Amino acid sequence: MPGERPPQQGGSQPYHPPQAYQAGAVRRPRTGARTTPRTRKARLRVAKADPWSVMKVSFLLSIALGICTIVAAAVLWMVMDAMGVFSTVGGTISEATGSNESNGFDLQAFLSLPRVLIFTTIIAVIDVVLATALATLGAFIYNLSAGFVGGVELTLAEDE
């Protein structure tokens, strides 16, 4: 019958299944075995980019970039004001544009900190809207082109 063992010929010795390692045996490395760690590699393909996910990530990154732009503009304005750039250049411009009756153009009033920060904030908001829209549009275009050519292939490596 299937699954039944054939009768043993000696009958006196019990059956011992083959063992990979005997008890107490020390495993020795094979000759020519690797001593350096093996690197596993996987080839992956980015077949589709979710436009909603791309929009969320690009929105957050452009918000962070907008905040950095506003802070950088404020710090740059404060440094330039502390160095006296606005007063020196403003004095030169008012002398060049002034006449006997008027003082000329007042650069310091035109480039005041609140006015510069308002302008920078407007530029940052426009940048947030445009960057988010362009990244989302880029995801749609990527999905269309990935349908034709298969997407971008990446090779990822993992060290053990």
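The values are calculated or read from the model by the stated rules, or taken from the named source; none is laboratory data. Just so it is clear, the model here is predicted, and its values are computed rather than measured. Please note: Cβ atoms are built from the backbone with ideal geometry, for glycine as well, and neighbour counts cover all protein chains shown. Quick note on the areas: whole protein, heavy atoms, side chains included, nothing else; ligands and nucleic acids left out. Shrake-Rupley method; radii C 1.70, N 1.55, O 1.52, S 1.80 Å.
Below is a table of values for the structure above.
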read-out	value
Some residue of region 105-112 being part of a helix (DSSP H, G or I) and either open to solvent by less than 90 Å² (accessible area, probe 1.4 Å) or on the phi > 0 side of the Ramachandran plot (or both)	yes
Residue count for region 120-160, restricted to those that are free of Cβ contacts under 8 Å to residues at least 12 places away in the same chain and open to solvent by less than 80 Å² (accessible area, probe 1.4 Å)	3
Answer from Ile63, Ile93 - the residue that is without any contact (Cβ under 8 Å) to a residue 60 or more places away in the chain and either open to solvent by 50 Å² or more (accessible area, probe 1.4 Å) or assigned to a helix (DSSP H, G or I) (or both)	Ile93
Count of region 37-54 residues which are closer than 21 Å to Ser145 by Cα and open to solvent by 60 Å² or more (accessible area, probe 1.4 Å)	6
